[in-house]
Every structure is written in C-alpha cells, then in structure tokens.
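Here's the structure we're looking at; comments come further down.
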C-alpha cells in the first residue's frame, strides 16, 4: 500500500457468498489491507461462518483493518460470552473491533427455537455491553434482554466498545441513531430508501443529544464488475436478490415501495418455488429464469459494469448521505480494479 491513504470509507465482506472453505479469509483479509480498504465485515451463517471464529482469524492475519460483525445476534450467546468475545477481539487487534448486531431472520429463528429479537432487547443489550466495558458489576438485571443475577467482565476495564447495528425498518434505524456507533443498511435499497434511512438515523441521533456525524451510516452496496465471469455475476446479483425476496421479500418490497404483485409472481413461479437459496444452489439455468422475473429497476441499486461505472455508482451512495460504502459480494481480488479507479478519481 505504501504511503497511499487508508480508505476508511470503504469496506468489504470477507467470505462473500458461499466460500468453498472458511480458510479463504486468511488470504482475503491481508489482500484487503494491501488494497487499503478500511473495514472488513464478517457476516454469520452457522455452517462455516461462525462470527467469533472468523473474527479471531481476521484479527490474527491483519495489522490495520477494522473488523466488524455485521451481524451476529445477541440472543445466541450469553451476554458475558459476547462481552468476552468483544473484549478478546479488542485485545487481539489493539482496538480494531466493532461488535455489530442484527435482528436476524424470523423464520430461521422460529425453526431453530431461537427467540425473535425485538428493538427493546437490542437497546437493552447494547446498554449492558456499554456498562460491562466501563467495568461495572451489574446486579439483578431484569430487562428485555433477559434476567441475570450478576454480570461482570473486568473491574479494571473502562473503555468504549464500538458497536454497530444492521438496520432495515424505521425502529431499528432510530435505535441505531440513539445507541450505536454505526449503522449498516441493506443491499438493493433504492436511492430514495437509502436517503430516507440516512435521515432517519441522523435525526434519531440528534434527538438523543448525540452528534449525528459521529454515527456512521454504511451503504451495503452490491458490487460486481464486468470482469467477473457471467455465471458468478448472475449468482451475486440475481441470485442474491432472489434469495432476499424468498426470505423476507414482503419487507424489502414494502421498504422500497415496489409492486407487491411482482413479488407474488416471483414466489409463485414453479422454478423459484423449487429452489431454496438461489445464491447458494441456483443453477445457471435457474438464475437465468429468475432474471426474467425480477425487474431491472429492482437490480439497479448496485455497482456494475466497468471500473469507472462502479466507482460512479459508489460515489452516488455518498451523495445520498452515506458515510461509508461496503462493496458487497466481491472479494478483494475482484475489487482491485474498482479500488484503483477510486483512488485515481476520488483520491
């Protein structure tokens, strides 16, 4: 990287999509540092993307990049286990860790017998983490996040734990503005939705007596350059959006003001109904069929095409008020031409 500026406003997700091996992270994170990316985000899927293990590995093979969970769920670990994870990561990385939480996917939680997460629970949990990192002994806590006789991490601890929130609906966005240091938006948000979400976060921060500029809003922006092979491009765009539509399409369609009749036709299609997880198991033929059912304007909020076109789209996210852009769905190797063009034109 030499003397080039660290791009703190740009990030990526390690192990994007369905990696062949979790060990791919060991090469991706140093490669991202070499590009000068400022942030590495870690998503969680239980098969081979358990967040704590991945974060530890990322911390061990990096020197500078900030590592954020985006996201893990607060109710899958005891609060002290989560606090210990965060404290260990801060120690391992010299303070380069952000604990990012999310609401999770209700059907999956129902299937696994994990409780559905409420806004009140996440707010209560964030308060517990703040107090634990101030070295407090918490006695007899009884709140939305649970009932605990004693919670205590380290009496000598007195620091601020950076925390993030992956937010979708208005109540989550307001919570992010009130209580969290950063907010990660969802992919395939229209420009209007993105601008509205940024305003919601910043207004909530101001209403809570905080400096809105200190709450960083990340656009999670699908980024797929035209040098990526066509079958992979389909998987990263049509496959990914199709999976979102299968999982929580009603919410995404309602949030973006899209036509619900289009979603109904998509879900009712016999080919789509026969595939669970287009971005995981969809064949090229199934993805090509799905592409005929998803309007082009639904796929438009993304960075695609040449490096110049991708950078122009990324810059557009900053124009909408975002403080950072996660170039979602791409490896550092796939992002290299975009980062080079970004440095050339943005600085």
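If only Cα atoms are counted, what is the Rg of segment 126-172, and what is its Dmax, in Å?
Just the Cα atoms of segment 126-172 yield Rg and Dmax of 12.7, 38 Å.
In whole angstrom, and with the biggest value first, how far do the Cα coordinates of segment 228-293 range along each principal axis?
Ordered largest first, segment 228-293 gives principal extents of 32, 24, 18 Å.
Extending each Cα 7 Å along its Cβ direction at residue 88 and residue 119, get the distance between those two points in nm, one decimal.
With each label placed 7 Å out from Cα toward Cβ, I get 3.4 nm.
Segment 1-42: Rg/Rh from Cα coordinates, Kirkwood Rh?
Rounded to two decimals, Rg/Rh equals 1.02.
Just grab the label-to-label distance for residue 346 and residue 48, each label 7 Å out from Cα along the Cβ direction, in nm (one decimal).
Those two pseudo-labels are separated by 3.2 nm.
Over the Cα atoms of segment 103-185, each weighted equally, I'd like the Debye log10 I(q)/I(0) at q = 0.16, 0.20 Å⁻¹, rounded to two decimals.
Each listed q corresponds, in turn, to -0.71, -0.99.
Cα atoms only: what Rg and Dmax, in Å, come out for segment 40-143?
Final numbers for Rg and Dmax: 14.1, 40 Å.
Taking the Cβ of each residue in 199, 174 as the centre, tally the other Cβ atoms inside 10 Å and list the residues starting with the fewest.
199, 174
Return the tail of the calculated pair distribution for segment 213-264, meaning the percent of Cα-Cα pairs more than 12 Å apart.
72
Quick one: 139, 272, 114, 67, fewest Cβ neighbours within 10 Å first, how do they rank?
139, 114, 272, 67
Based on a Kirkwood Rh over C-alpha pairs, give the Stokes-Einstein translational diffusion coefficient of segment 134-248 at 25 °C and viscosity 0.890 mPa s in µm²/s.
Reported coefficient: 144 µm²/s.
Just order 16-22, 286-292 by mean Cβ neighbour count inside 10 Å, highest at the front, would you?
286-292, 16-22
Quick one: 230, 264, 136, 341, fewest Cβ neighbours within 10 Å first, how do they rank?
230, 264, 136, 341
So what's the gap between the Cα centers of segment 162-220 and segment 27-73, to the nearest angstrom?
Each part's Cα centre sits 22 Å from the other's.
Using only the alpha carbons of segment 270-347, determine the length spanned along each of the three principal axes and report them from longest to shortest in whole angstroms.
48, 27, 20
Please state the equivalent ellipsoid semi-axes for the chain: what are the square roots of 5 times the Cα gyration tensor eigenvalues, largest first, in whole Å?
31, 24, 20
With no solvent and one equal point scatterer placed on each C-alpha of segment 187-299, evaluate the Debye formula and give log10 I(q)/I(0) for q = 0.11, 0.17 Å⁻¹, two decimals.
-0.43, -0.84
Compute the acute angle (0 to 90°) between the alpha-carbon long axis of helix 240-256 and the principal axis of greatest extent of the alpha-carbon atoms of the chain; round to the nearest 10°.
Value to nearest ten degrees: 70.
Using 0.36 nm per residue of separation minus the Cα-Cα distance, give me the extension gain between residue 280 and residue 155 in nm, one decimal.
Going from the current span to full extension adds 40.5 nm.
Per DSSP H run of n ≥ 4, the term is -39500 (n - 2.57); total these for the chain, divide by its residue number, and report the mean residue ellipticity at 222 nm rounded to 500 deg cm²/dmol. Working shown, then result.
On the way: 16 runs with 165 residues, N = 347.
That comes out to -14000 deg cm²/dmol.
R0 = 22 Å: FRET efficiency of residue 265 with residue 106, Cβ-based, nearest 0.05? Provide the component values of the computation, followed by the final result.
On the way: r = 23 Å, r/R0 = 1.06.
Efficiency, from the Cβ-Cβ distance: 0.40.
Determine the gain in length on full extension of the stretch residue 138-residue 8; use 0.36 nm per residue of separation and subtract their C-alpha separation, reporting nm with one decimal.
43.3 nm
Read-outs: derived from the displayed coordinates by stated rules, not from any lab. Here the structure is a predicted model, which means the values were calculated and not measured. Cβ atoms come from the backbone with ideal geometry, glycine included; neighbour counts cover every protein chain shown.
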